[in-house]
Amino acid sequence: MSVPPEAVVAGVDASSDSARGLARAAEEARARGVPLHVVHALPPIYTEMPLAPADERALWDSAKEVVDAALAALDPRPAVPVTSEVVNDLPAKVLIGASRQASLVVLGARGHTALSGLLLGSVSQQVCSHAHCPVVVARETADPNARRIVVGVDGSAGADLALGYAMQVAARDQVPVTAVFGWRDHDGRTTGTGAPAWTHTAERIAAAERLLERATEAWASKYPDVAVTREAIPVAASRILADASEHAAMVVVGTRGRGGFAGLLLGSVSHSVLHHARCPVAVVR
């Protein structure tokens, strides 16, 4: 592969979700002022079969037509360098490899092989788990008028990276940020690990609000023009973020929060949000 350094990489196939992902990738490349690199993977199974030279050539021509058609449908065409290639390998492997040079990978929630009713395709899930840069999974926004970016915050290093990404994009696009912390009643961050458990919901909410204040303080100082709203809600984080996505332009999550198991590449909250959000989701690492 020949990915331009810091490019936004878009994975494309012939699906409608892929077209949505490419449109989002073009917007990001334009806003960042970096190249857009479009990739279509031709899985090895197609080229390992014995084929007559003419059939193999037709297969590669067909794959290139997928890329050409996707680019032709872009409106407007981004005023940045646009490159493309067809790679003979598994789609997830191709995009994960491209993420080593990219500043961002963007793809649709489901590819053309996704089962009907499946909310997140296996390629999107694998790329979100293993990519070396942030990944945006583009899906249709439930509220077209929504402008805010919603970010999940829990005091972890992963959440801090997600918050930084959300604030940077918000400053660029001049939109507000809503920092959300959701928890269950037994959560040690709000019951006070090593101290008597809070006896009233109000005390738990106050503790969560302090956590949010600490987590957002430095980023709010760095981006003073971004309006930040903090929401501490005693409901599971995955549920809160999915609900918030109904009226959000994007939801941002880290790969793992405080509850992640060592070695787990994608935490349960991030995984759930990817499946159930009603707007684009950015997974940041």
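Counting only strands (runs of 3 or more DSSP E) that sit wholly inside the stretch 176-285, those with at least 1 residues that are at pLDDT below 95 are 177-182, 228-233, 250-254. The set of residues in the stretch 221-255 that are without any contact (Cβ under 8 Å) to a residue 40 or more places away in the chain and within 14 Å of Met167 (Cβ to Cβ) comprises Ser221, Pro224. Of the residues making up the stretch 161-175, those that are part of a helix (DSSP H, G or I) and not hydroxyl-bearing (Ser, Thr, Tyr) are Leu161, Ala162, Leu163, Gly164, Ala166, Met167, Gln168, Val169, Ala170, Ala171, Arg172, Asp173. Counting only strands (runs of 3 or more DSSP E) that sit wholly inside the stretch 1-113, not one has at least 3 residues that are surrounded by fewer than 14 Cβ atoms within 10 Å (Cβ to Cβ) and not assigned by TED's automatic domain parsing to the domain that holds Cys279.
The values are calculated or read from the model by the stated rules, or taken from the named source; none is laboratory data. What you see is a predicted model, and the numbers here were worked out from it, not measured in a lab. When we count neighbours, we look across all protein chains shown, and the Cβ atoms used for this are built from the backbone with ideal geometry, even at glycine.
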